[in-house]
């Protein structure tokens, strides 16, 4: 490996460690993204992969990974196709990995039967590529333009989710007062300090209201660009909300048993079901009336979430 290899860039590795995601447990926020990627691309496997200096760590995966990868949730860098995305900073779409010079000798292809691959970069605001959102298949296949555009959007949402999560983490200091880059594994690993559940709900609803009020301005010449940007903000806030809800349930905080937590769980569950149904509907695999029923339920649960948030504000006043 060359000393100029982007994989080994100290600033990139520092940014990767700053996320606090390496060697952490699965989280619904990222699992939701990998499930949606699998549905969108009609792919048997989808992965949120973080490329370290000597391995790739799977923060999330949907489907069945070959060999021991599913148990340890990582593979050596030698088995990584995602590393090429990190090296170039661009998406990599391969219809037949066995016939592509870039991938044909990779052990993921020769040993683990990855025959088709589409990976999209996870990028920090400073331009460092941390890994990919990728989909895999054990058979050669074409990746549709619709799937490619959708996967690129999901990768952008994953990147923003990582960014917001990183900003929310406490900054550890080294003994000399500088930033502590290296994180210890196990019980000493830094814990997430996400906003409390009420704050996450309020932030999500504010983003949602901003999106809706903006998209109602049909005479705005910049509406398309604004809508795309705001949609990303809503999806990122939704990811933050799922992370906060999961954290409070896992840690058993007082909010975990509140009406707000229940309303949040029910709403997020309906949103996930709605997204999965829409992906199936677009492929002709789900009836319209089923999509409409879940849509109506989601609206009802959103109103219940707003009511629970109001009650929480009154109790806290």
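The values are calculated or read from the model by the stated rules, or taken from the named source; none is laboratory data. Bear in mind that the values here come from a model prediction, so they are computed numbers and not experimental data. Backbone-built Cβ (ideal geometry, glycine too); neighbour counts: all protein chains shown.
Below is a table of values for the structure above.
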quantity: Filtered residues of segment 2-31 (kept if in a helix (DSSP H, G or I) and in contact with a strand residue (DSSP E or B) (Cβ under 6 Å, 6 or more places away or on another chain)); calculated: 16, 30, 31
quantity: Residues of segment 19-51 that turn out to be crowded, with 19+ Cβ neighbours inside 10 Å and touching a helix residue (DSSP H, G or I) at 6+ places or on another chain (Cβ under 8 Å), as a count; calculated: 22
quantity: Residues located in segment 32-46, provided they are over 16 Å from residue 274 (Cα atoms) and either modelled with pLDDT under 90 or part of a helix (DSSP H, G or I) (or both); calculated: 41
quantity: Restricting segment 103-131 to residues that are free of Cβ contacts under 8 Å to residues at least 40 places away in the same chain and farther than 21 Å from residue 65 by Cβ, the residue that is surrounded by the most Cβ atoms within 10 Å (Cβ to Cβ); calculated: 123
quantity: In segment 96-121, the residues that are part of a helix (DSSP H, G or I) and either in contact with a strand residue (DSSP E or B) (Cβ under 9 Å, 6 or more places away or on another chain) or within 18 Å of residue 42 (Cα to Cα) (or both); calculated: 97, 107, 108, 109
